[in-house]
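**Q** Here's a structure for you.
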Amino acid sequence: MKLLFRESHEWAAIDGKIAKVGISDHAQKELGDLVFINLPEVGMTVSAGDVLCDVESVKAVSDLYAPVSGKVVKVNDELEGAPELINQDAMGSWICEIEVTDVPNDLMDEAAYNKFIKE
Amino acid sequence: MLKRTALYENHVAHGGKIVEFAGYELPVQYEAGVVTEHKTVRTKVGLFDVSHMGEVVVKGKNAEAALNAIVTNDIRGMYDGQVRYSILPNDKGGAVDDILVYRINGECFFIVVNASNAEKDAKWMAAHLPKDVQFEVISDKVSQLALQGPLAEQLLKRLVEPKDIPVKYYSFVKEGNVKGMKCLISRTGYTGESGFELYCANADAPALFELLLKEGEPEGILPCGLGARDTLRLEAAMPLYGHELGEDIPVNEVGLGFAIKMAKEDFIGKKALEAHTPEYVRIGAKVLKGIAREHCPVYCGDEQVGMVTSGTHAPMLGYPIAMLRIKKEFADKPLEADVRGRRLKLEITELPFYKKA
């Protein structure tokens, strides 16, 4: 399993052909209390960097971007009724699974990402 | 150049996340977050810095009549120590601002205005009050703390003499004393909960803020930011200038009839309002599957029939709510909001969305 991060604060945990995707703990803190998630649709195809879905905090809506390219094969329905799970455990709350066709080479590993958010 | 209130350092020390609002650097939230702060105000007590609000004193023998001619509500015959909500109308029947009028006595009134309109209001008043009435903008000398929630009174009771607690809603004590700090204490607020607003000198504000937080520990007090202030007023369906009210929105379309006294003698905008048959209404809706925020167009089928003026997630209700400005004849029709290209169903609900327990 490989854990990679985008500069826009999404993570992808890649295991073979499947990547679980979520947002970082830093991102959930910056967004504040999440109150709604508009989950991606199963079957949609995304390229890395495409808008994958959006989340609503009390104050604003934010787009989330696909960290990898591929097809959405599963979404975490549990988040639909309880987006606050992302605030409670961002790294443990996957949003969807993508069947990966491409992993861009500008993603960061955890150490590089932690350094990136400190800057 | 952004302004800071006297409490800026306190906000930073308490972990406030500072944002720009109406020209001020103010906390949008503290570490607890908007939802927790909101629920704390509904169930316990919260403390807000609202020192950005503007304050004006209007004085003179003719002050009551002069003020009455520039507001929509009737402020004659109030008692000393009474507060009344009003709109400051323009000539077209729109709103320059919405304000609170505090009657100190028949010849002296203390007016509280929105931060974003304070300068505009001062110019407006200068132009529309007669010369024999003096007015002074004192915003930069006054700090305002809002202590809001069902436990606000038991907390304040420990800190002041009983005579310093205003008894009635929308009344105030002019010279209250909170542990040596002189405050005007009013039983008012912008949350839909019971509570108080305390006006004090800037020099006393930091000590007053810390005193209330420390003494409120048994009540579970939290400092609260602008985020919770907005979700609280929205759940309580209170209008916000720039959203539900504005220069181009006739005030008789906003559901504030209690503050518009068409039967009283002439006032600015009266003729325009008499001539204007309301075309729009302010209504509330529950939003299905998403949040519809301000400026989202609202449709009935293919026809745009209004827009969202404010929208958020309602923490106490657990679902998204919105206030809408809708053409009258569509207020009971099936409506949808367009949110970034998606249509969200709106379910019309009664206002306020939330009533205090």
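The values are calculated or read from the model by the stated rules, or taken from the named source; none is laboratory data. Computed from a predicted model, the values in this text were never measured in an experiment. Don't worry about glycine lacking a Cβ; one is built from the backbone with ideal geometry, like all the others, and counts go over all protein chains shown.
**Q** If you check B:A66 against the conditions, is it aliphatic (A, V, I, L, M) and over 27 Å from B:P223 (Cβ atoms)? If you could, list the steps in order and put the result at the bottom.
**A** On the way: aliphatic (A, V, I, L, M): yes; over 27 Å from B:P223 (Cβ atoms): yes.
When the stated conditions are applied, B:A66 passes them.
**Q** Okay, moving on. Quick one: how many residues across segment A:99-119 are part of a loop (DSSP other than H, G, I, E, B), surrounded by fewer than 20 Cβ atoms within 10 Å (Cβ to Cβ) and touching a Phe, Trp or Tyr at 6+ places or on another chain (Cβ under 9 Å)? Reasoning before the result, please.
**A** To start, the set of residues in segment A:99-119 that are part of a loop (DSSP other than H, G, I, E, B) comprises A:103-107, A:109, A:119.
Okay, now just the ones that are also surrounded by fewer than 20 Cβ atoms within 10 Å (Cβ to Cβ), so A:103-106, A:109, A:119.
Keeping just the survivors that are touching a Phe, Trp or Tyr at 6+ places or on another chain (Cβ under 9 Å) gives A:109.
Here the count works out to 1.
**Q** Sticking with this structure for a sec: Which residue is surrounded by the most Cβ atoms within 10 Å (Cβ to Cβ), if the candidates are limited to segment A:61-91 and must be within 20 Å of B:K39 (Cα to Cα) and in contact (Cβ under 8 Å) with a residue 24 or more places away in the chain?
**A** So in segment A:61-91, the residues within 20 Å of B:K39 (Cα to Cα) come out as A:81-88.
So of that shortlist, the ones also in contact (Cβ under 8 Å) with a residue 24 or more places away in the chain come out as A:83-84, A:86-87.
Details: A:P83: 23, A:E84: 15, A:I86: 25, A:N87: 19.
Only one residue fits best here, namely A:I86.
**Q** Step by step: first the residues of segment B:58-112, then only those that are among the basic types (K, R) and either in contact with a Ser or Thr (Cβ under 6 Å, 6 or more places away or on another chain) or under 19 Å from B:V173 (Cβ atoms) (or both), then the one that is surrounded by the fewest Cβ atoms within 10 Å (Cβ to Cβ). Which residue is that? Steps first, answer last, please.
**A** So the first thing to find is which residues in segment B:58-112 are among the basic types (K, R), and the list is B:59, B:61, B:76, B:84, B:92, B:103.
Then keep just the ones that are either in contact with a Ser or Thr (Cβ under 6 Å, 6 or more places away or on another chain) or under 19 Å from B:V173 (Cβ atoms) (or both); that gives B:84, B:103.
Details: B:R84: 17, B:R103: 23.
The extreme case among them is B:R84.
**Q** For segment A:58-75, what are the residues that are small (G, A, S) and within 20 Å of B:G341 (Cβ to Cβ)?
**A** Here is the first cut: in segment A:58-75, the ones small (G, A, S) are A:60, A:62, A:66, A:69-70.
The answer is A:A60, A:S62, A:A66.
**Q** Quick one: in segment B:287-296, of everything that is at negative phi and either aliphatic (A, V, I, L, M) or more than 22 Å from the chain's Cα centre (by Cα) (or both), which residue is surrounded by the fewest Cβ atoms within 10 Å (Cβ to Cβ)? Steps first, answer last, please.
**A** So in segment B:287-296, the residues at negative phi come out as B:287-288, B:291-294, B:296.
Narrowing further to those that are either aliphatic (A, V, I, L, M) or more than 22 Å from the chain's Cα centre (by Cα) (or both): B:287-288, B:291-292, B:296.
Values: B:V287: 26, B:L288: 14, B:I291: 25, B:A292: 28, B:C296: 22.
Across segment B:287-296, the extreme among qualifying residues is B:L288.
**Q** Also, quick follow-up: Here is a list: A:V42, A:V55, A:V21, A:V51. Which entry is of a type in the set (V, I, T) and closer than 23 Å to B:L317 by Cα? Don't jump to the end; show me each part of the working.
**A** Working: A:V42 fails: closer than 23 Å to B:L317 by Cα; A:V21 fails: closer than 23 Å to B:L317 by Cα; A:V51 fails: closer than 23 Å to B:L317 by Cα.
One residue alone meets the criteria, A:V55.
**Q** List every residue pair whose Cβ atoms lie under 7 Å apart, where the two residues are 6 or more positions apart in sequence or sit on different chains, the first residue falls within segment B:208-236 and is assigned by TED's automatic domain parsing to the domain that holds B:N10 and at positive phi, and the second residue, located anywhere, is hydroxyl-bearing (S, T, Y) and assigned to a helix (DSSP H, G or I).
**A** B:G220/B:T40
**Q** Does any residue of segment B:147-154 turn out to be farther than 25 Å from B:I104 by Cα and touching a strand residue (DSSP E or B) at 6+ places or on another chain (Cβ under 6 Å)?
**A** Applying the first criterion (farther than 25 Å from B:I104 by Cα) to segment B:147-154 yields B:149-151, B:154.
Filter once more, keeping what is touching a strand residue (DSSP E or B) at 6+ places or on another chain (Cβ under 6 Å): B:149.
Within segment B:147-154, one or more residues are farther than 25 Å from B:I104 by Cα and touching a strand residue (DSSP E or B) at 6+ places or on another chain (Cβ under 6 Å).
Each row is one residue, and each column tells you yes or no for (1) closer than 30 Å to B:A203 by Cα; (2) of a type in the set (A, V, I, L, M); (3) at pLDDT below 95.
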{"residue": "B:K39", "(1), (2), (3)": "no, no, no"}
{"residue": "B:K44", "(1), (2), (3)": "yes, no, no"}
{"residue": "B:S51", "(1), (2), (3)": "yes, no, no"}
{"residue": "B:G54", "(1), (2), (3)": "yes, no, no"}
{"residue": "B:K59", "(1), (2), (3)": "yes, no, no"}
{"residue": "B:R76", "(1), (2), (3)": "no, no, no"}
{"residue": "B:V83", "(1), (2), (3)": "yes, yes, no"}
{"residue": "B:K92", "(1), (2), (3)": "no, no, no"}
{"residue": "B:N105", "(1), (2), (3)": "yes, no, no"}
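**Q** Of all residues in segment B:235-263, which are over 13 Å from the mean Cα position of the chain (by Cα) and part of a loop (DSSP other than H, G, I, E, B)?
**A** Answer for segment B:235-263, where residues must be over 13 Å from the mean Cα position of the chain (by Cα) and part of a loop (DSSP other than H, G, I, E, B): B:G246, B:E247, B:D248, B:I249, B:P250, B:V254, B:G255, B:L256, B:I260, B:K261, B:M262, B:A263.
**Q** Looking only at strands (runs of 3 or more DSSP E) that lie completely in segment B:279-357, which have at least 1 residues being out of contact with any Cys (no Cβ under 9 Å at 6 or more places or on another chain) and within 14 Å of chain A (Cβ to nearest Cβ)?
**A** Working: elements: B:280-287, B:297-300, B:303-314, B:319-327, B:335-339, B:342-349.
Because the criterion is at least 1 residues that are out of contact with any Cys (no Cβ under 9 Å at 6 or more places or on another chain) and within 14 Å of chain A (Cβ to nearest Cβ), the strands (runs of 3 or more DSSP E) in segment B:279-357 that meet it are B:280-287, B:303-314, B:319-327, B:342-349.
**Q** Now for a separate question. Every residue in segment B:159-178 that is within 16 Å of B:V142 (Cα to Cα) and over 21 Å from the mean Cα position of the chain (by Cα), please.
**A** Matches in segment B:159-178: B:E175, B:G176, B:N177, B:V178.
**Q** Go through segment B:49-69 and count every residue that is farther than 30 Å from B:L2 by Cβ and under 19 Å from the mean Cα position of the chain (by Cα). Reasoning before the result, please.
**A** So the first thing to find is which residues in segment B:49-69 are farther than 30 Å from B:L2 by Cβ, and the list is B:59-69.
Subset that is under 19 Å from the mean Cα position of the chain (by Cα): none.
Summing the residues that are farther than 30 Å from B:L2 by Cβ and under 19 Å from the mean Cα position of the chain (by Cα) in segment B:49-69 gives 0.
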